[in-house]
Amino acid sequence: MKPLTRAVEWRTSPRRWLGVSVHRVYSVVVFIILASLDNVAISLVPPLYSPISRALGVGEGALGVVTAIGYLVTAVAAVLWAYAGDRTDRKPVLMIGTLIWAIGTAGSALAGGYWTFLLMQLFAAVGLGAVGSVGFSVVSDLISPKRRGLVMSLWGLSQGVGTLAGVLVASQLGGANWKTPFWVLAALGVTASILYFTTADIRRGQSEPDLAAVFAAGEEYEHRISRADLPGIVARRTNVWLILQGLTAQAAFGSLVWLPRLFQARAEAQGYDERTAIAVGGLLATLFQLGGVLSIVGGLIGDRWQRRDGGGRAKVAAIGILAGIPLYVLLFFAPIGLPDPEGRGALAIVLGSLFTSPSLLGAFLLALVALALTSANSPNWFALIADVNPPEHRGTVYSLGNLVNGVGRAAGNGLVGVVFAALARAFPPPANLAIGLAAFQVFFIPTGVMYWLASRTSPADIDEVHALLRARASQEVSSRTPAGGSAG
């Protein structure tokens, strides 16, 4: 049977199509869950700063340094993992990276001192770099260009959910014993690495309409990244803006890991003991970030706008980032009235007060809209990276952006702790935390400007990628067609 005939039969046979389709959907679900787990690991420590610092005999600022360095190590490692994934089989790379962060997370629970804890966290950070960068490359090969915003919103949402889950797991399981969440997550990491065995093998470039003729002819897209490609990647104008925006955006986003600490301080100021305040702070931070779910709306708007305007995705991101700034500032200073605990658990306190305390409800609505606006950034950033780069470059470009993101997030997370300490001399908690977080929102302004600049360059870069892939497909198919014959 000729290759084209086999391809047609595979597409039209209900039984085989259904089997492959289910396996593919299952694989996407696995990759999305794994993308959320690495964010659980990243966000596990900040809600537990106070008990961990007490157990290790250091100040909370020292743990802020651990988090900041961890972000940076993850980002640097991601570049190396992504380059390896763009050149080789991606599944083993993901498995190894997942096992590394699981071992580092378990080692963190065993640490008896600050330096051992730091070493284990950095070891975990090395493995965490693989999941996002290589996983992004795989998922981008499952999505057609016209639906990238929607599906990438699910990818980005999974990471946001992972961050929230990390805060929730840490605050709810770690109040009595800070080590418990680390053991739970390490076990999940080992389970996740086993699940990689059951996922489908995703072919590089298989979602590109420009390459459809290659796969219909039973061939593979053989192009792989090389060191000679790197100057061209960095020189592509839209890549420059997509990468650089992370420096300022993540300085602002990185400061938000202190949000549970702000709400903990607000609870303590109203007479709550530390253990209850940690749980309440974590629940409030989780509840107030539910607006991130609306990134799906940002992805859908980006898809629709992009069909009419080659710079549509970048414009959606720019508008969302800039419009969210004043709402964040209002949120940090909004009063949050909590009832007398009266022996109730944190969940009962928070949920029971949400619709009975006007101040708490107002703060929740502010957070919902602010997160909905700024979360439009995520799916459109992911989709733009896939739009303006050929398949063999996407993991590496994502990781370069993630490297700059890591630097920005490390700077935001580290510097905001110093700012809090300096402000505490004049403003006791929670005022120092609110002022510091509000000040860091200024970093969103250059982020919005860079997205607007990307909206001016992306149309030409997208057209260039389409032309490149069509030329490669034509060359590949013609080279496989016998002289005087046909491909099918």
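Read-outs throughout are calculated quantities, based only on the coordinates presented, and are distinct from any laboratory measurement. Keep in mind the model is a prediction, meaning the values are calculated, not measured. All Cβ positions, glycine included, derive from the backbone under ideal geometry; neighbour counts span all protein chains shown.
Key figures
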| read-out | value |
| --- | --- |
| Gain in span if fully extended, HIS466 to THR88, counting 0.36 nm per residue against the direct Cα distance | 133.7 nm |
| Relative contact order %, the chain, counting alpha carbon pairs below 8 Å whose residues are six or more apart | 24 percent |
| Alpha-carbon spread of region 307-391, three principal axes, descending order, Å | 59, 27, 18 |
| Global size of region 427-477 as Cα Rg and Dmax, reported in angstrom | 22.1, 69 |
| Calculated FRET efficiency for the pair VAL418/ARG147, C-beta based, R₀ 35 Å, to 0.05 | 0.20 |
| HN-Hα J in Hz across region 279-288 - Karplus 6.51, -1.76, 1.60, θ = phi - 60°, x for Gly and Pro | 5, 5, x, x, 5, 5, 4, 5, 4, 6 |
| Distance-filtered residues of region 196-224 - backbone nitrogen under 16 Å, label point 7 angstrom along VAL22 Cα→Cβ | 198-200 |
| Of (i) 23.1, 76; (ii) 22.6, 71; (iii) 23.5, 86, the label for Rg and Dmax of the Cα atoms in Å derived from the coordinates | (iii) |
| Straight-distance crosslink candidates among aspartates and glutamates, where the alpha carbon sits under 12 Å from LYS315 and sequence neighbours closer than 8 are dropped | ASP303 |
| Unit Cα scatterers, Debye sum, region 336-429: log10 I(q)/I(0) for q = 0.21 Å⁻¹ | -1.05 |
| Compactness relative to 2.2 N^0.38 Å, alpha carbon Rg of region 198-276 | 2.06 |
| Spherically averaged projected area in nm², based on the convex hull that wraps the Cα atoms of region 319-361 | 3.8 nm² |
| Residues GLU342 and ALA426, FRET efficiency given R0 of 25 Å [Cβ-Cβ distance, rounded to 0.05] | 0.15 |
| Residue-averaged 222 nm ellipticity for the chain, from DSSP H runs of 4+ at -39500 (n - 2.57), nearest 500 | -25500 deg cm²/dmol |
| Whole-percent pair-distance distribution, where bins are 10 Å wide, for the alpha carbons of region 109-245 | 9, 26, 32, 21, 10, 2, 0 |
